[in-house]
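**Student:** If you scroll down you'll find the structure; I have some questions about it.
The values are calculated or read from the model by the stated rules, or taken from the named source; none is laboratory data. Keep in mind that this is a model prediction, so the values were computed, not measured. Methodologically, a virtual Cβ is constructed for each residue, glycine included, from the backbone with ideal geometry; neighbour enumeration extends over all protein chains shown.
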Amino acid sequence: MFMTQIYGTVLGGFINYAVMISIVTGNKKLLADSNGDSSWSGATIQSYNTNATTWALAAYLYKQGQAYSIVPFGLLIGAGIVAAHRIFAHVCTFYQVKSHLIHINTSPVCSKDRQVPCQ
């Protein structure tokens, strides 16, 4: 078992090096460009680290009476807005009321989806 782990570690190092060389060679222009699209910046990995830290401290940050105690209620507020809109749209279609409000998609409006960059 120990020798298998050693073999995997050594082989993994060579494979990691080969993949890194392949990525750098294939994307040389993008990596050298100072106005790139930041797809290689590591920002996504850093955001995972930030999210993990925030959730680890959730008991202290989001406790009732603290500065960010409203944040967990944001999930309920967003779900409530979407549910109210669905009920409104259902009532409008049931009673055949013409309204342009039933065509609004509230999910991206109420969530973080609108911040996803277009690529």
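**Student:** Scan region 12-41 and report the pairs whose first residue is β-branched (Val, Ile, Thr) and whose second residue is surrounded by 10 or more Cβ atoms within 10 Å (Cβ to Cβ) and modelled with pLDDT under 85, with Cβ atoms within less than 9 Å and a gap of 6+ or a chain change.
**Tutor:** Ile23/Leu31; Ile23/Trp40; Val24/Leu31
**Student:** Identify, by number, the condition in (1) modelled with pLDDT under 85; (2) within 30 Å of His103 (Cβ to Cβ) that Lys29 doesn't meet.
**Tutor:** (2)
**Student:** Contact list please: Cβ distance under 6 Å, first residue in region 74-101 and surrounded by 11 or more Cβ atoms within 10 Å (Cβ to Cβ), second residue assigned to a helix (DSSP H, G or I) and of a type in the set (Val, Ile, Thr), pairs at least six apart or on different chains.
**Tutor:** Hits for this filter: Ile81/Thr106; Val82/Thr106; His85/Thr106; Ala89/Ile102; Cys92/Ile102.
**Student:** Has region 4-23 got at least one residue that is surrounded by 10 or more Cβ atoms within 10 Å (Cβ to Cβ) and outside any helix (DSSP H, G or I)?
**Tutor:** For region 4-23, residues surrounded by 10 or more Cβ atoms within 10 Å (Cβ to Cβ) and outside any helix (DSSP H, G or I): absent.
**Student:** Here is a follow-up. Of (1) surrounded by fewer than 10 Cβ atoms within 10 Å (Cβ to Cβ); (2) closer than 30 Å to His103 by Cα; (3) at pLDDT below 85, Ile45 satisfies all except one. Which?
**Tutor:** Only one criterion is unmet by Ile45, namely (2).
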